[in-house]
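The values are calculated or read from the model by the stated rules, or taken from the named source; none is laboratory data. The model shown is predicted, which means the values in this text are computed figures rather than measured ones. Because the Cβ atoms are built from the backbone with ideal geometry, glycine has one as well, and the counts that use them run over all protein chains shown.
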Amino acid sequence: MQANTEHIGIEKGKPLEQLLEKIADHKGCGTSSDGGKASCGSSDGPADMAPEVWEKVKNHPCYSEEAHHHYARMHVAVAPACNIQCNYCNRKYDCANESRPGVVSEKLTPEQASKKVLAVASAIPQMTVLGIAGPGDPLANPAKTFKTFELIAKTAPDIKLCLSTNGLTLPDHVDTIKAFNVDHVTITINMVDPEVGQHIYPWIYYKNKRYTGIEAARILTERQLLGLEMLTAAGVLAKINSVMIPGINDKHLVEVNKAVKSRGAFLHNIMPLISAPEHGTVFGLNGQRGPSAQELKALQDACEGEMNMMRHCRQCRADAVGLLGEDRSAEFTTEKIDEMSEVVYDAETRKAYQQLVESERLEKVAAKEAALAEMSDDEVSDIKILIAVATKGQGRVNEHFGHATEFQIYEMSSAGSKFVGHRRVDLYCQGGFGEEETLPSVVRAINDCHAVFVAKIGGCPRDELKAAGIDPVDRFAHEFIEESAITYFKEYVAKVRSHEIVHEMRGDADIRQGAYISAA
Amino acid sequence: MAYKIIASQCTGCSACEPECPNVAIREKNGVFIIDPKKCTECLGHFDEPQCVAVCPVDLTCVIDNAFPRYVAPA
């Protein structure tokens, strides 16, 4: 493989050293010693982020919560091999109805992948990021992974490249990652203590040998942390993914958070374990449960004082295409891509779309700030509520209750609005008729919320939501989410003050586990 | 004796292919096969057969009893 500096120059026109210094200074972003919370990367946008870092993440849906409303990503499944075994992963079975990492329907050659990327990028102008996430480990397939990057950098240099790895061979590849101008790397780190790790990883394959038990976990954690340090030194943004496994590493993840923050990780994404017997994983088969919504949020909140938390992860498949939360991979199968004779890369349309997004973004931020400014001092209170929002994207309340396959969750307080997660649900409305039996599962998924914002809602679900104590709100249809949420929250607090309503805490909510059936 | 890959268990992940010191493994119809004429059970190369060590599905790369045990050339 050639170090193709011709077509993927490193940060053209920018003195590299200067950039690295700024990123290094900024590591762990939002690390103010007064315990002030950082929102960069995970929610508000450029507020407390170095401009260079913001520039790198602002169009990356997996790194910027704000971006994921506007920009799409795609994964290409060119990396089938893996060098470790995780108890939450079983790559033997594939199912088109499943959305969980490590699952794909077909694997691609680098050439097929490159053609697919061009086809998707031309059809979906908001596609700005190409990731290689498996279904195995990209760095256990270095030739295929880097060949794919090389081909894409040649034809579509504006697409950001990123990869996700278990970190075992990461130290061997940091130089190549840097040379290919990959500026985002995700490492899945579930433990920094081999005692914990031995319950998550049955074995690893390292330097031509299979290691098991505590020794395997010790090698893995050493290599992961070394790789992270090397990425930081090289100025590559590193995000850490951790799978929260109740009873195994849930408490330990606070330690993991500290360890990765001190080594310069930019963002920490704690995800719930996806575990069901039908997945055929060790955890699925031995009945290991995943966390509840409240347990997950409590851990994310506990780590947030330390560093930025990502809460919008959809745990998507290794061949996902589209905005987070949607999957358009079925439109771009190998068969369909192969049928296309020549794919012309439509750079102009992409540029025009992205300019439109920028102006919408500014409008949205202005609307939120205006609403916040109106929140006068006498409205300060201890009340916190969660609001579920049905949205198709663009940061607006623009989805029908019955068409929503997920709800975004905002936590409202006197400090403003904060995105704290999302909940997947089964489609309530199938072909125009609300399905009675799915409503309880929707209610369970958003049971910790006080209100649900929708573009439209039928009479029947409206009554049932009310009966469950969740306020169905359709008067903010097509408005900006955060501006609307702040307005609602202000009215809510005013009603509590005037004793029109009584503020009560809500219960816990479920995190959906099973296969997700797409509406398409 | 050489190793063989039980086709019904092979996920086609390709992990074994680059690890084989004898370049005895190749893809066929979506799964991987070992050329018994090339397989040396990794004797003289590694402590354990590499396909066995790296395969994500246990008991998929196994000794093929249809062939005599590999003997290293004197």
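On the stretch given as the range B:35-52, residues that are crowded, with 17+ Cβ neighbours inside 10 Å, within 11 Å of chain A (Cβ to nearest Cβ) and farther than 13 Å from A:Y205 by Cβ total 1. Only one of the numbered conditions (1) within 14 Å of chain B (Cβ to nearest Cβ); (2) in contact with a helix residue (DSSP H, G or I) (Cβ under 9 Å, 6 or more places away or on another chain); (3) at pLDDT below 85 is not met by A:A67, and that is (1).
Among the residues making up the range B:38-64, those that are touching a residue at least 12 places away in the same chain (Cβ under 8 Å), farther than 24 Å from A:T281 by Cα and part of a loop (DSSP other than H, G, I, E, B) are B:K38, B:C39, B:T40, B:E41, B:C42, B:L43, B:G44, B:H45, B:F46, B:P49. Does the range A:146-173 hold any residues that are part of a helix (DSSP H, G or I) and touching a strand residue (DSSP E or B) at 6+ places or on another chain (Cβ under 9 Å), and which are they? If the condition is that a residue be part of a helix (DSSP H, G or I) and touching a strand residue (DSSP E or B) at 6+ places or on another chain (Cβ under 9 Å), then A:T148, A:F149, A:I152, A:A153, A:L170, A:H173 are the ones that fit. Given the residues A:L356, A:L386, A:L362, A:L372, which is the only one that is surrounded by fewer than 17 Cβ atoms within 10 Å (Cβ to Cβ), touching a residue at least 60 places away in the same chain (Cβ under 8 Å) and not assigned by TED's automatic domain parsing to the domain that holds A:P125? Result: A:L372 is the single residue among A:L356, A:L386, A:L362, A:L372 that is surrounded by fewer than 17 Cβ atoms within 10 Å (Cβ to Cβ), touching a residue at least 60 places away in the same chain (Cβ under 8 Å) and not assigned by TED's automatic domain parsing to the domain that holds A:P125.
Each residue in the range B:6-34 was checked for being away from every other protein chain (no Cβ under 13 Å) and in contact with a Ser or Thr (Cβ under 6 Å, 6 or more places away or on another chain), and 1 pass. Within the range A:135-152, residues that are within 12 Å of chain B (Cβ to nearest Cβ) and of a type in the set (D, E, K, R) have Cβ atoms under 8 Å from residues that are surrounded by fewer than 24 Cβ atoms within 10 Å (Cβ to Cβ) and part of a helix (DSSP H, G or I) in these pairs: A:K144/A:P110, counting only partners at least 6 apart in sequence or on another chain. Determine whether the range A:219-234 contains at least one residue that is at pLDDT 90 or above and over 30 Å from A:K178 (Cβ atoms). Looking for residues that are at pLDDT 90 or above and over 30 Å from A:K178 (Cβ atoms), one finds none in the range A:219-234, hence no. Does the range B:9-37 hold any residues that are within 18 Å of A:Q85 (Cβ to Cβ) and in a loop (DSSP other than H, G, I, E, B), and which are they? Scanning the range B:9-37 gives B:Q9, B:C10, B:T11, B:G12, B:C13, B:S14, B:A15, B:C16. Scanning the range A:84-123 for residues that are within 13 Å of chain B (Cβ to nearest Cβ), assigned to a loop (DSSP other than H, G, I, E, B) and modelled with pLDDT of 85 or more gives A:C86, A:N87, A:C89, A:L108, A:T109. Filtering the range B:53-71 for residues that are within 11 Å of chain A (Cβ to nearest Cβ), more than 25 Å from A:N87 (Cβ to Cβ) and crowded, with 21+ Cβ neighbours inside 10 Å leaves an empty set.
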